[in-house]
Amino acid sequence: MSSYADVALPVPLDRPFTYAVSDVVPQVGARVLVPFSGQKLMGVVVRVHDDKPAYETKPVQQVLDAEPLLPDELMKLAEWIASYYVAPLGEVLRGMLPLAAEVKRQFLYAITDTGKKILYDGAEKGASRRSRKTPEEQNREYAVLNYLESGEAGKLSAIRSATQANKQLLEDMVKKRWLAREAVAESRDARRMEKIAVLVPDVRLPKLNENQQAIMAEIMAAGGMMTVSALRELDVPTSTLGTLVTKKIVRIDEVPESFLLTSLQTAHKTQTHEHVLNRAQTIALDDITTSMNTAKFKPHLLYGVTGSGKTAVYLAAMQRALTAGKSAILLVPEIGLTPSMAGQLHAAFADEVALLHSALTPDERAEQWHRIRRGEARIVVGTRSAVFAPAVDLGLIIVDEEHDSSYKQEETPRYHGRDTAVMRAKLNEATVVLGSATPSLESWSNAEKGKYARIEILDRVMDRPLPAVELIDMRREFQETGAENIFSRKLIEETQATLDRGEQVIILLNRRGYSFVVMCRACGDKLECENCAISLTYHKPVVGSDLHAQPGQRLECHYCGYRRNVPKVCPKCESEHLYFLGAGSQQGEERLQEIFPNARIGRMDRDTVRGRGDMERLLTRLHSGEINLLVGTQMIAKGHDIHGVTLVGVIGADFALNLPDFRAAERVFQLLTQVSGRAGRGELPGKVVVQTYHPDHYAIEFAAQHNYTGFAAKEMHFRRFMHYPPYGVLANVVIQSTKLEEATGWSAVLGRWFQKTPLENIRVLGPAAAPIVRLKRVYRYHFVLKAQQRSALQRTLRAMLAHADAAGIPRRNLIVDVDAMHLM
């Protein structure tokens, strides 16, 4: 029997920790509770062995799983992510297991020798004469010490119940060394339980009153059992059910609560899963099916124009996977897109569908995860973390809108969901399909090189035409009107004509709030967030909001959430002349209401879509025609299929061309193409009006022509010249600290190391202040590393981390972002 276990813990350290095992030897892939740095942490076993370490080991305190939760292929995937993205293995494994609800964390408090001395001498005598504690607080301190006098540690809840002491008082006693605090963790059953009323069989019924008969009738109509919560909705006294239980006619059982989200209960109203595939879709499906049948790994890039019916191909391919006894995973980039997709899947596959994303409660995520692992749900839909779903006999992974930057995790481990899906498919000998109307240049390059098989659907379903695109030069618009208007004359004219015909309009205004800059005309100072080097956005009070009663007038930071009132004078020079610049979606909605008073206007942005049901309600209103003019941010550009929309207006999308990011042109092209694709998806043709200050920019021109291949060739030319991906590999290294002198000092230390160390054809840019130099009160400096070979880049990054550790730079203050999507 093995004596030791190596455990990967969720801490920013690049190594596992060895613990002694006794009676129960955990298996690789199982969870354990172990002591670490004065607390108990949940980790995952990565190795069991008899190699005694050179130091004294602590014991594993609890084995949580009798068998591995993570199969061998997911353990290998975790090791690949840790290696590829230079991330701690323990943090990777934590992200793979959405089971936080199954471990309960709490603090235990125990009296110390100092505390006992204070208790025996008398709390008031032992306390400082200058104590700011009130007599009542001092009495509570004494009560706590008296409660813990035996030396046995007590839970916070028990101490609070016995002494009325709050957590802050206990923490103060810990600081005075009267108490010792220990963090503990214990397993719990995360299943949500519900009570059901069950008819007891073969019972002779006595005479029942009218209320009792009503309950019995409901239970019998439901097949002999019914939830207690449903029975309480009947118009009978609550004591009636208790009487039936007392008479032993009905018993109450507790069972795991069934899980069915609203988004799964109601399929997308405007669509059905019974799609008749056209020739191009059938060819695409046959290619995917052939790959699944051969059970050999081969990635496929499904390039299909907007409205070409890629979703129908996904559904048919998943049906083929189920028929073959396989499971399938469908990834979508945004939680907001999950309900409509999940609805279609539920219409097609009913209870075979499981949902995984961060908007679920911890208990819901744990329940869905276990359904998948048990094989009860073989169709999984979710955001990037769903790529880790423990699907049984996985045969197909589909990444919808594979170009979307939301697939990149912005915290450790900084994996890319698309690339991780490709590796997962490789480890499972499964088929992976990357679908998009605007593929990422990395995927397009892989298809050009033959690494991916490319499938093309170049026409819309039913041969519907792509929308005509008209560019409006806003420079000329200003010259001719002499005013800086949000909406051009042409867009107003087209919108009015569309509404008059009874059709629908979508307008993209890719900024939240009312105005995104507040500036003083006198001194030129901008009102910035106190935590971030970012201008505050002005939000105007809203009356009669679509979905929520929004807060009143305020300035808000969209990075950290900081809010403040709108000052009457400039905080710097006290001038009254504050100027509000730039138009956001809120101002766009207000202006549209003025121009089109009879329009039924809705707004879709992060201020109106907050909960997981908000998107569904808004889209339902749009599909039903209750809303005929929708304005919003880029949320409106992704995946929505509204057949009544015949006009799309685009405002301010070219702003991103001015950002210091080599992917700026690609993002603008993708956004324009995706939002243009919302027009003309029904029987009527569509039109797009794009307002731009850069009508001659190649990203704008190719988007107007619906010419992805032309854009890709042009952009690839610049990428090749500058050695940016896909013609090189890149990492962004961020040094951060709440103290400016630490951030700059550590940056200088690493800068000198990069200068002195022989590097393997790696170019290092920096150190330099990050584009957002202060974020959430943290100062940020960065290096950008560009290399030709990924292996050389990874070796350099690991050597840098080793040097940083030797130089005393904490690992938590270093961010290593391999294949960074943003350099901000």
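With respect to residue 668, determine if the residue is open to solvent by less than 10 Å² (accessible area, probe 1.4 Å), over 30 Å from residue 732 (Cα atoms), within 28 Å of the chain's Cα centre (by Cα) and not polar (S, T, N, Q). Reasoning before the result, please.
Values: open to solvent by less than 10 Å² (accessible area, probe 1.4 Å): yes; over 30 Å from residue 732 (Cα atoms): no; within 28 Å of the chain's Cα centre (by Cα): yes; not polar (S, T, N, Q): yes.
It is false that residue 668 is open to solvent by less than 10 Å² (accessible area, probe 1.4 Å), over 30 Å from residue 732 (Cα atoms), within 28 Å of the chain's Cα centre (by Cα) and not polar (S, T, N, Q).
With the structure loaded, tell me whether residue 251 is charged (D, E, K, R) and modelled with pLDDT of 85 or more or whether it fails that test.
Judged against the criteria, residue 251 is a match.
Please name all residue pairs, on different chains or six or more residues apart, with Cβ atoms under 7 Å, provided the first residue is in the stretch 155-182 and is at positive phi and in contact (Cβ under 8 Å) with a residue 40 or more places away in the chain and the second residue is open to solvent by less than 40 Å² (accessible area, probe 1.4 Å) and of a type outside the set (A, V, I, L, M, F, W, C).
Short answer, once both residue conditions are applied: 177/112.
Considering each of 48, 44 in turn, give the residue that is at pLDDT 90 or above, open to solvent by less than 20 Å² (accessible area, probe 1.4 Å), part of a strand (DSSP E or B) and not aromatic (Phe, Trp, Tyr).
Only one candidate qualifies: 44.
Step by step: first the residues of the stretch 357-384, then only those that are modelled with pLDDT of 85 or more and aliphatic (A, V, I, L, M), then the one that is farthest from the chain's Cα centre (by Cα). Which residue is that?
377
Open to solvent by 20 Å² or more (accessible area, probe 1.4 Å) and assigned to a helix (DSSP H, G or I): which single residue out of 760, 742, 715 fits that description?
Just one listed residue meets the conditions, 742.
If you check every pair at least six apart or on different chains, which have Cβ atoms under 9 Å apart with a residue in the stretch 2-28 that is exposed (fewer than 14 other Cβ atoms within 10 Å of the Cβ) first and a residue that is in a loop (DSSP other than H, G, I, E, B) and of a type in the set (A, V, I, L, M) second?
What qualifies is 2/21; 2/25; 22/60; 24/60; 24/66.
Is it true that residue 252 is touching a strand residue (DSSP E or B) at 6+ places or on another chain (Cβ under 6 Å), open to solvent by 50 Å² or more (accessible area, probe 1.4 Å) and not in a loop (DSSP other than H, G, I, E, B)?
yes
Looking only at helices (runs of 4 or more DSSP H) that lie completely in the stretch 414-492, which have at least 2 residues being under 29 Å from residue 695 (Cβ atoms) and in contact with a Leu (Cβ under 8 Å, 6 or more places away or on another chain)?
Details: elements: 417-428, 441-448, 474-481.
It comes to 441-448.
Please work out which residue is farthest from the chain's Cα centre (by Cα), limiting yourself to the stretch 476-485 and to residues that are closer than 18 Å to residue 581 by Cα and loosely packed, with under 11 Cβ neighbours inside 10 Å.
482
Return the total of residues in the stretch 643-661 being under 18 Å from residue 589 (Cβ atoms) and among the aliphatic types (A, V, I, L, M). Full working, then the answer.
Residues of the stretch 643-661 that are under 18 Å from residue 589 (Cβ atoms), as a first pass: 645, 647-653.
Filter once more, keeping what is among the aliphatic types (A, V, I, L, M): 645, 647-648, 650-651, 653.
Residues flagged as under 18 Å from residue 589 (Cβ atoms) and among the aliphatic types (A, V, I, L, M) within the stretch 643-661 amount to 6.
Looking at the stretch 533-583, which of its residues are at pLDDT 90 or above, under 28 Å from the mean Cα position of the chain (by Cα) and open to solvent by less than 30 Å² (accessible area, probe 1.4 Å)?
If the condition is that a residue be at pLDDT 90 or above, under 28 Å from the mean Cα position of the chain (by Cα) and open to solvent by less than 30 Å² (accessible area, probe 1.4 Å), then 535, 536, 537, 538, 539, 555, 556, 557, 583 are the ones that fit.
Just wondering, is there one or more residues in the stretch 90-105 that are in contact with a Pro (Cβ under 9 Å, 6 or more places away or on another chain), in contact (Cβ under 8 Å) with a residue 40 or more places away in the chain and acidic (Asp, Glu)?
Checked against the condition, which is being in contact with a Pro (Cβ under 9 Å, 6 or more places away or on another chain), in contact (Cβ under 8 Å) with a residue 40 or more places away in the chain and acidic (Asp, Glu), the stretch 90-105 yields at least one hit.
Quick check on my filter: what residues within the stretch 781-810 are among the basic types (Lys, Arg) and either surrounded by 20 or more Cβ atoms within 10 Å (Cβ to Cβ) or outside any helix (DSSP H, G or I) (or both)?
Listed by number, the list holds a single entry, 786.
List the strands (runs of 3 or more DSSP E) that sit entirely inside the stretch 325-402 and contain at least 1 residues that are among the small types (Gly, Ala, Ser) and under 26 Å from residue 638 (Cα atoms). Step through it out loud before you land on a result.
Numbers: elements: 327-331, 353-356, 379-382, 394-400.
The qualifying strands (runs of 3 or more DSSP E) are 327-331, 353-356, 379-382.
Answer with yes or no whether residue 190 is at pLDDT below 85, surrounded by 15 or more Cβ atoms within 10 Å (Cβ to Cβ) and over 30 Å from residue 65 (Cβ atoms).
Working: at pLDDT below 85: yes; surrounded by 15 or more Cβ atoms within 10 Å (Cβ to Cβ): yes; over 30 Å from residue 65 (Cβ atoms): no.
So residue 190 does not fit the description; no.
Rundown of residues vs (1) among the hydrophobic types (A, V, I, L, M, F, W, C); (2) at pLDDT 90 or above; (3) assigned to a loop (DSSP other than H, G, I, E, B), yes/no style:
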| residue | (1), (2), (3) |
| --- | --- |
| 1 | yes, no, yes |
| 14 | no, no, yes |
| 18 | no, yes, no |
| 22 | no, no, yes |
| 55 | no, no, yes |
| 69 | yes, no, yes |
| 86 | yes, yes, yes |
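Given the residues 470, 411, which is the only one that is surrounded by fewer than 19 Cβ atoms within 10 Å (Cβ to Cβ), among the charged types (D, E, K, R) and modelled with pLDDT under 95?
Every option except 411 fails the conditions.
Do we find a residue being in contact with a Leu (Cβ under 7 Å, 6 or more places away or on another chain), surrounded by 19 or more Cβ atoms within 10 Å (Cβ to Cβ), of a type in the set (D, E, K, R) and in contact (Cβ under 8 Å) with a residue 40 or more places away in the chain anywhere in the stretch 510-519?
Scanning the stretch 510-519, I find no residue that is in contact with a Leu (Cβ under 7 Å, 6 or more places away or on another chain), surrounded by 19 or more Cβ atoms within 10 Å (Cβ to Cβ), of a type in the set (D, E, K, R) and in contact (Cβ under 8 Å) with a residue 40 or more places away in the chain, so the answer is no.
The values are calculated or read from the model by the stated rules, or taken from the named source; none is laboratory data. Just so you know, these numbers come straight off a predicted model, no measurement behind them. Note that each Cβ is placed from the backbone with ideal geometry, even for glycine, and that neighbours are counted across all protein chains shown. Side chains included, ligands, DNA and RNA excluded: accessible areas come from the protein's heavy atoms. Shrake-Rupley method; radii C 1.70, N 1.55, O 1.52, S 1.80 Å.
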